[in-house]
Amino acid sequence: MPTAPSAAPDVVLVVDFGAQYAQLIARRVREARVYSEIVPSTMPVAEMLAKNPKAIILSGGPSSVYEEGAPQLDRAIFEAGVPVFGMCYGFQLMATTLGGTVDNTGAREYGRTPLTVSKQGSTLFEGTPEHQSVWMSHGDACSAAPEGFTVTASTNVVPVAAFENDEKRLYGVQYHPEVMHSTHGQQILEHFLYRGAGLAPSWTTGSIVEEQIAAIREQVGDKRAICGLSGGVDSAVAAALVQKAIGSQLTCVYVDHGLMRKGETEQVEKDFVAATGVQLKVVDAQERFLDALKGVSDPEEKRKIIGREFIRVFEQAQAEIITEAPDETPVEFLVQGTLYPDIVESGGGTGTANIKSHHNVGGLPEDLEFQLVEPLRQLFKDEVRMVGQELGLPDEIVQRQPFPGPGLGIRIVGEVTKDRLDLLREADAIAREELTAAGLDREIWQCPVVLLADVRSVGVQGDGRTYGHPIVLRPVSSEDAMTADWTRMPYEVLARISTRITNEVKDVNRVVLDCTSKPPGTIEWE
Ligand code: XMP
């Protein structure tokens, strides 16, 4: 019997005033087991309140409150009886809107700063030390709190570095509690959520699964759905969730586009099916993708082509599934493992610039014939892994490092050909084998292996001159792929990978390390 949809989770809105802080705040709120969503600061307050938020957080941002055109907020937000926590820019906006004073003192504070808690036992600072280190980034400073507010902390530069009005449930800090460098940041955020707003840490993996299953059943009804499996964590977890919700109404389609890594097809065909019991249809589309990619070197064009061909193959698979099982129930839904950061990075979240067309968001053709089921739309990667574990998927699938939908197609700089793919597959398999052997899989978020197919360099191997291609190793450490740093991995491991690749992979005579963070580089090269 289908279960009734459970109540929607309590939501905390994070109002985004620009910069990248809102994402991080949303993650931190979820780490406190409370569901959060990001909304742009341009959203009318009435619309925000219509979402029935249980609390609102105002993020930091790059502007100064007095700058012309600086984002503002209707004071109604502070008068709706909803608890509000302002951070940095959000704090200053709260101060000026409610009658406090913010001066452009000329004294800037950036980076790690000592903070003195002046009121012990306050709602936010309860149980935290009198002296703590916080992360500042501001030019303006609050010199007088609005009426009815108590000043709770200060720094050498800022007399009012935190304030609160418990009666109205309004709180603010001049710094960024969401970044790691603020030593008690998470505790302060949790104090706001649990003590200030009275929320309970109830958004657990079990509740996410339950909510999503109910939502999928409601959306799909008795119709049928297909799901593209890519071999990656996201599509596997999305498929397992939908399988749990609608069982045999789901057919998974695995498109072997020839852009997969070594062993990936087998992993999907055997391990995933064994773990979930899902119905799987494998489509061999290698030639089709290679034909479509012939002569194309431009990354965005490749992404668009791969996204388009994917959908076309699905449409074909849909037709076949209907013919093979003609029970008159149409396939109306397409399941996708789109994550929250995909949506935000593709410009769909807060109006951020479009950085890349992720093939499962921006690259969809306009004449799409399916309705989308995206059960991971609200989740960050680590949450997806927890959901996968909850659903009983094996570690080899759940703990896999991320791999992009367009596969090796966007890891060959230059035209994609069968020979180049084979070459890159070999190099990638060696790198993965050595990283696993060195126990680095968890430390490294992912390590794209990239073939610079349009670049050649001179080398010497055996007793002859070579003129081969470089392979780039791009090991990165990250929390959610929004930002990343290159992983300082041991030289010995790098040396082993380099020696093996140049010895074992034909036409490669150089291995180079990409030591760029994100930003400015993205993780993938294309
Ligand atoms: P970038 O290169 O934008 O990558 O720093 C961020 C993360 O996203 C993955 N990625 C993709 N995943 N479809 C996907 O499903 C895509 O088109 C795509 N492009 C990049 C990338 O591997 C990294 O984890």
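Rg/Rh, computed from the Cα trace of region 417-520 with Rh as the Kirkwood radius, has the value 0.98. As a test of understanding, state the convex hull volume per residue of region 11-196 from its alpha carbons, in Å³. Dividing the Cα hull volume of region 11-196 by its residue count gives 97 Å³. Using only Cα coordinates, the Kirkwood hydrodynamic radius of the chain works out to 25.3 Å.
Here region 430-448 is scanned for amide nitrogen atoms under 12 Å from the site 7 Å beyond the Cα of D395 along Cα-to-Cβ, giving 441-442. Considering only DSSP beta bridges whose two residues both sit in the chain, what percent are antiparallel, to the nearest 5? Among the beta bridges of the chain, antiparallel pairing accounts for roughly 45 percent. Among the trypsin sites (Lys or Arg not before Pro) found in region 417-456, those both in a DSSP coil and sparsely packed, with 11 or fewer other Cβ atoms within 10 Å of their Cβ, are R442.
Partners of K51 within straight-line reach, counting lysines whose Cα lies under 24 Å from its Cα and excluding those fewer than 8 residues away in the same chain: K168. Looking at region 205-398, the accessible area is 40 square angstrom per residue; that uses a 1.4 Å probe and ignores ligands, DNA and RNA.
Remark: region 1-71 projects, on average over all directions, an area of 6.0 nm² (convex hull of Cα atoms).
With each label modelled as a point 7 angstrom along the Cα→C-beta vector, the Y110-Q316 pair spans 5.4 nm. Treating r as the C-beta distance of D507 and E287 and R0 as 22 Å, the FRET efficiency rounds to 0.45. With both labels modelled 7 Å from their Cα along Cα-to-Cβ, the D166 to T204 distance reads 3.0 nm. Shown here: region 205-398, whose C-alpha atoms stretch 46, 42, 33 Å along the first, second and third principal axes, sorted largest to smallest. For the chain, the longest principal axis of the Cα atoms and the long axis of helix 205-220 meet at an angle of about 70 degrees. Where only DSSP H runs of four or more residues are counted, the chain gives -9000 deg cm²/dmol as its mean residue ellipticity at 222 nm, each run worth -39500 (n - 2.57). With a simple spin-label model that places each label point 7 Å from the Cα along the Cα-to-Cβ direction, the separation between R75 and V157 comes to 2.9 nm. Here the calculated FRET efficiency for T499 and T329, from their Cβ-Cβ distance with R0 = 51 Å, stands at 0.35, rounded to the nearest 0.05. Of all DSSP beta bridges confined to region 411-513, the antiparallel ones make up roughly 65%. Highest average first, the peptides 294-302, 236-244, 273-281 ordered by how many other beta carbon atoms sit within 10 Å of their residues are 236-244, 273-281, 294-302. Extents of region 59-158, largest first, come to 37, 33, 20 Å (Cα atoms, principal axes, whole angstrom). Computed in the context of the full set of protein chains, the accessible area of region 205-398 at 1.4 Å probe radius has 46% of its extent on carbon or sulfur. Length available on full extension from C515 to Q371: 0.36 nm per residue minus the Cα-Cα distance, which gives 47.7 nm. Straight-line reach from K506: taking Cα to Cα under 20 Å and skipping same-chain neighbours fewer than 8 places apart, the lysines in range are K262, K418. Net length available on complete extension from E37 to K270 is 80.2 nm, with 0.36 nm assigned per residue and the Cα-Cα distance removed.
Shown here for region 1-93: GluC sites (Glu not before Pro) in loop regions (DSSP other than H, G, I, E, B) with at most 14 other Cβ atoms within 10 Å, namely E67, E68, E79. Values of log10 I(q)/I(0) for region 143-260 across q = 0.10, 0.13 Å⁻¹ run -0.60, -0.72, by the Debye formula with one identical scatterer at each alpha carbon and no solvent. Rg and Dmax over the alpha-carbon atoms of region 193-316 stand at 18.3, 60 Å.
The values are calculated or read from the model by the stated rules, or taken from the named source; none is laboratory data. Quantities reported herein were computed from a predicted structural model and do not represent experimental measurements. Glycine gets a Cβ as well: all are built from the backbone with ideal geometry, and neighbour counts include every protein chain shown. Surface accessibility is based on the protein's heavy atoms, side chains included, excluding ligands, DNA and RNA. Shrake-Rupley method; radii C 1.70, N 1.55, O 1.52, S 1.80 Å.
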